[in-house]
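Colleague: Have a look at this one before I ask anything.
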Amino acid sequence: MRRLIALTACAVLVSSLSACSIELGGPPTGGPKCPTRIEPTPKGVNGSLLLTAQAVPNAAVVPCLRPLPAGWTFHDLTARKGKARIVLDFGRDTNRAATITLTRTCDVRGATEAFSDVPGVRKYELVHDSKSSYRSDRFYVNSGSCITHHFVLNSSTGAAQVSALTRALGFVDRAVLRRYVHDYSDGRFELDPTPEAS
């Protein structure tokens, strides 16, 4: 319970102060983890995931990480009001090979709409592939937010490495996180507290 109190305090801080920024670095397994079970309530939710959700309160879906494939490691998470950013490294020499960003809006000009397997979310893709490197952007857009996957790999196998990583990049419905915080705290805390009337 103490951990939830601390996490809720941090989340409220992120959502209420425009200048506040929280950065978390960690081991390869760090970052906002996808819940292992969501029905009837998540088995567990880590603090990084709650901070990511609170950064953009309008986000109906929140990015999360499943176990990363070989070669990929968690670099850091930065969360502040209006934006959360997850950075992943690949191998020893490719820092910031993948950046997952949650924001309120994004610019999808030049991107092509693609099939989306996330309900209620539209997907767009923009690829800059060459023989020696791979760079691409994916945008997952709904009415309240945008999740951008930005990949930069200086390798001829970059597309294959991104394909392997894609299976580890998940999404969790905000309603699931809201239910978890409410149930775990016996109703003492809410992911999205109702603003007090002034």
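Colleague: To make sure I understand the rule: partners must be lysines, Cα under 23 Å from the Cα of Lys33, and not fewer than 8 residues away in the same chain. Which ones qualify?
Modeller: Lys43, Lys81, Lys83, Lys123
Colleague: Can you tell me which of 31-38, 106-113 comes out highest on packing, and rank the rest after it, using the mean Cβ neighbours within 10 Å?
Modeller: Per-residue mean Cβ counts within 10 Å order the peptides as 31-38, 106-113.
Colleague: Let me ask you something else. Reported to two decimal places, what Rg/Rh ratio describes the stretch 119-163 when computed on Cα atoms with Rh from the Kirkwood expression?
Modeller: Over the Cα atoms of the stretch 119-163, Rg/Rh equals 1.09.
Colleague: Calculate the translational D of the stretch 77-196 in whole µm² s⁻¹ from Stokes-Einstein, where the hydrodynamic radius comes from the Kirkwood formula applied to all Cα pairs, the temperature is 20 °C and the viscosity 1.002 mPa s.
Modeller: 133
Colleague: Would you mind putting 153-161, 114-122, 181-189 in packing order, based on average other-beta-carbon counts within 10 Å, highest first?
Modeller: 153-161, 181-189, 114-122
Colleague: While we're looking at this one, here's another question. Per 10 Å bin from zero, what fraction in whole % of the C-alpha pairs of the stretch 45-127 is there, up to the bin with the longest pair?
Modeller: 15, 41, 39, 5
Colleague: Same structure again: Could you give the nm distance between label points at Ser143 and Glu190, where each point is 7 Å from its Cα heading toward the beta carbon?
Modeller: 2.0
Colleague: What number does the stretch 151-198 give for Rg over Rh if you use C-alpha atoms and the Kirkwood radius?
Modeller: In the stretch 151-198, Rg relative to Rh is 1.36.
Since every read-out is calculated from the coordinates, none of them should be taken as a lab result. Because the structure is a prediction, the values reported are computed rather than measured. For neighbour counting, all protein chains shown are included, and Cβ atoms are generated from backbone atoms with ideal geometry for every residue, glycine included.
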